[in-house]
Amino acid sequence: MMMLALILAALQGAGEPNLQIREGHERRGALLTRMDGLAAESAPACAAACDLNMSCRAWTWRAGDSYRAARCDLQAHVTAPSPRPGAATGLSTAFVAQINAAMDRPLTARERAAARATEGGPAPAPVEDAEDDELAGG
């Protein structure tokens, strides 16, 4: 099954651009695994390999040159992207879904207070939040 997904991703050419892919950038560190073969054929193939690995949160694909083969790095943690010609990086589909789900939930009282404080107003008094207490086990 993984082989089929990688082949399809490698063959995917034109189409709608994946807005999760940052061309000309890479992420370093938190290396989960380095892949070659089909996963290293293209940025979409590398992204597909990341989506098939439940521990993968981000990926970086680097084009090959006359000195080294193309490679696909799957990363367990998201780090800030930095410029790198010939590279592309992105986040796993599952991680993006988690981010989107977190953005859709209402803010807790503590988060609302923090947001007000960052808008330049005086820092509010600490707020007890029943939801936060539940998360802390209290």
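Bear in mind that the values in this text are calculations on the coordinates, not laboratory data. This one's a predicted model, so the numbers in the text were calculated from it and none came from an experiment. Reconstructed Cβ throughout: ideal geometry from the backbone, glycine too, with neighbour counts over all protein chains shown.
Quick notes on this one:
- Principal axes of the stretch 58-111: Cα extent on each, largest first, Å: 56, 19, 15
- Rounded to whole numbers, the Karplus 3J(HN,Hα) couplings from phi for the stretch 91-101 are 9, 5, 4, 5, 5, 4, 4, 5, 4, 5, 5 Hz, using 6.51 cos²θ - 1.76 cosθ + 1.60 with θ = phi - 60°, and x at Gly and Pro.
- Exposure proxy ranking for Arg22, Arg110, based on other Cβ atoms within 10 angstrom of each Cβ and starting from the fewest, stands as Arg110, Arg22.
- Selected from Thr89, Ala76, Pro44, residue furthest toward positive end of dipole (the stretch 43-126; charges at beta carbon): Ala76
- Charge tally for Ala30 (other residues, Cβ to Cβ under 13 Å; Lys, Arg +1; Asp, Glu -1): +2.
- Residue-span extension gain [Thr33 to Ala102] - 0.36 nm each, minus C-alpha spacing: 22.1 nm
- Going from the fewest other Cβ atoms within 10 Å to the most, the residues Glu26, Glu119 appear in the order Glu119, Glu26.
- Couplings 3J(HN,Hα) of the stretch 103-114, computed from phi: 6, 7, 7, x, 5, 7, 4, 5, 5, 4, 5, 5 Hz, in residue order, whole Hz [Karplus 6.51 cos²θ - 1.76 cosθ + 1.60, θ = phi - 60°; x for Gly and Pro].
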